[in-house]
Amino acid sequence: MSKVVILAINAKYIHSSLSVWVLSEGVFRYARTAHDVEVVEVTIHHNDSDIAGLVEAHNPDVIGISTYIWNARKLPDLLNLLRERLPKAAFVLGGPEAAHNAQYWLDNGADFVLRGEGERSFPALIDMLADKRSPEPIPGLCQKQNGEIHITPEAGPIGDFIDPYSDAYFAGLGGRIAYIETSRGCPFSCAFCLSGGTGVRFMPLEAAKEQIRRLADSGARMIKFVDRTFNCNAQRAYELFEYIIGLDTKGCFHFEVAADLFDQPTLALLAAAPPGRIQFEAGLQSFYEPALKASSRQTDLEKAEENIRALLKAGNIHIHLDLIAGLPYEMLTDFMDSFDRAYRLGMHTLQLGFLKLLYGSVMREQWKSIVCAPQPPYEIISSLWLSPDDLNVIKHAENALQRTYNKGRFLSALRYALFASGLRPFSFYHALGQAAPNHGTQLEDYIGQLYTHCVKLPGVETDALLDHMTIDWLGMVKGKNMPTFLRAVKENDRLLRQVTAMAEDLLGRRIRRGEASVLRSGEGVFVDSEKRDPVSGLYQVHILEHLA
């Protein structure tokens, strides 16, 4: 028997790890010998000494670590520290970051790297180490022998899906995001991705429904599917959507989807989903056809737009749209066009990311004209089509977009300022990002920077902007005093008392100070802080006209 620690280093506390629990269950199911397995979950924000202490407390013989671009930079120093404290332990790395860069990790603290699916190979390696036998026959095993790396061919895909949801899993979840995988692989072969080209294997529907039900019953508020393209099989997606819509749960289910693959029956079904039950993340990546073609990306853009508009029209599903800056052939002006076209769709989140040349991806191997950072996450530095200055322009826009629109903040003011100024969306956010850099800025300070910038834009009227920002503040926050420059002027005290009285009469309860105001237009406004939109996350704001 071996004592085994499987370590997950997550990007944030709110995240949980699925892979480590799948591996733990794999050891229980497939190992020939009984092993004592402990799962340890930390974040990249823990210091190395604390992480090492948590691992060392179990005195493990084997330490397995899941590696990704978000934790890879932390691992070399951590591995050295663990090696000092646990010199007899065997260190096994898996996951996409190690699997596609085995040489580096074997030179930097790993004894073994496992490539491919680990549910069977990891327990087989533990068995071999416990028996003191040669681990050579293990599929996907990378190791050093006499100074040279030896790699065993990967096995074919496993035939079944492990259920990782043990009592220990639920005990450790603690209100964090839960993850589920009901299919593996992707039917597409995007050049920047590692998941495509392998076909798709699906968990049996009844087994998938059972796992979904157990996660819903656990009280998890957010359940994310890691299926690469959840709706690639329309009929199967329909049946699982239907099942999830019918659940008695307050949980929200998040899916990565291809927006152009929705059919009409599925759109009609989704329109009937309870508000907030479902979220979609659609990776369009670009509206520039040459960039998509060069990336081996297959998307019917017109169909995708049509379907996104249909989903948004129903008003019950949060839509998250992804763009990637840095794809081949897409110059700054082309990207600006992609941004504007995406923004005008009106989705809830427009995620503006930057190309990352991942080890193992076709784009890293073939597109030598794209220069990326040498350290994870291998983000683009420059290319034939985007200079460092161009990328900096995009980063300014991304900065402002992330602080405002993508957090559901200042939406009314943003709409007004964009319309009044006549600026294109990209130019608006780029200028805002330059004028109000948001690195560590508190919300109360940032709103002043936003006002100072927007009030100077052509066509923007001061009173109208202040009114929109007042409405936004009430809908965005709860329990925070309104910034002084937004508050009703002294001569409106009588009207403010009137608005407060009317609000309390309509709501049937007292409201907190700061939950009502008088706009410069003379209208009253108040917020129902007990009613929050499950799709947008904003509190319900009411406008009162005809104040005396």
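The values are calculated or read from the model by the stated rules, or taken from the named source; none is laboratory data. Just so we're clear, the structure is a prediction, and the values are computed from it rather than from any experiment. We place every Cβ from the backbone using ideal geometry, glycine too, and count neighbours over all the protein chains shown.
Here is a list: Leu247, Leu267. Which entry is in contact with a Lys or Arg (Cβ under 9 Å, 6 or more places away or on another chain), surrounded by fewer than 19 Cβ atoms within 10 Å (Cβ to Cβ) and not aromatic (Phe, Trp, Tyr)?
Residue meeting the stated conditions: Leu247.
Could you check, for the range 311-328, whether at least one of its residues is without any contact (Cβ under 8 Å) to a residue 60 or more places away in the chain, over 30 Å from Pro274 (Cα atoms) and of a type outside the set (Val, Ile, Thr)?
Taking every residue of the range 311-328 in turn, at least one turns out to be without any contact (Cβ under 8 Å) to a residue 60 or more places away in the chain, over 30 Å from Pro274 (Cα atoms) and of a type outside the set (Val, Ile, Thr).
Tell me yes or no: at least one residue of the range 259-266 is touching a Ser or Thr at 6+ places or on another chain (Cβ under 9 Å), farther than 19 Å from Thr349 by Cβ and either assigned to a loop (DSSP other than H, G, I, E, B) or among the aromatic types (Phe, Trp, Tyr) (or both).
Checked against the condition, which is being touching a Ser or Thr at 6+ places or on another chain (Cβ under 9 Å), farther than 19 Å from Thr349 by Cβ and either assigned to a loop (DSSP other than H, G, I, E, B) or among the aromatic types (Phe, Trp, Tyr) (or both), the range 259-266 yields no hits at all.
Looking for whichever is free of Cβ contacts under 8 Å to residues at least 12 places away in the same chain and out of contact with any Lys or Arg (no Cβ under 8 Å at 6 or more places or on another chain) here; the options are Gln402, Gln442. Which one fits?
That would be Gln442, the only listed residue that is free of Cβ contacts under 8 Å to residues at least 12 places away in the same chain and out of contact with any Lys or Arg (no Cβ under 8 Å at 6 or more places or on another chain).
Would you check which residues across the range 17-43 are polar (S, T, N, Q) and in contact with a helix residue (DSSP H, G or I) (Cβ under 6 Å, 6 or more places away or on another chain) and list them?
Thr33
Can you go through Ala102, Ala57, Ala110, Ala90 and tell me which one is within 21 Å of Ile126 (Cβ to Cβ) and touching a Cys at 6+ places or on another chain (Cβ under 6 Å)?
Ala102
Is it the case, given these coordinates, that Ala220 is touching a Leu at 6+ places or on another chain (Cβ under 7 Å), among the aliphatic types (A, V, I, L, M) and buried (at least 16 other Cβ atoms within 10 Å of the Cβ)?
Taking the combined requirement at face value, the residue satisfies it.
Pick from the range 173-209 the residues that are of a type in the set (Gly, Ala, Ser) and at pLDDT 95 or above: which of them is surrounded by the fewest Cβ atoms within 10 Å (Cβ to Cβ)?
Top of the filtered list is Ala207.
So, in the range 1-12, how many residues would count as being in a loop (DSSP other than H, G, I, E, B) and surrounded by 15 or more Cβ atoms within 10 Å (Cβ to Cβ)?
Final tally of qualifying residues: 1.
Could you check, for the range 143-150, whether at least one of its residues is touching a helix residue (DSSP H, G or I) at 6+ places or on another chain (Cβ under 8 Å), at pLDDT 95 or above and surrounded by fewer than 18 Cβ atoms within 10 Å (Cβ to Cβ)?
The answer is no; no qualifying residue exists.
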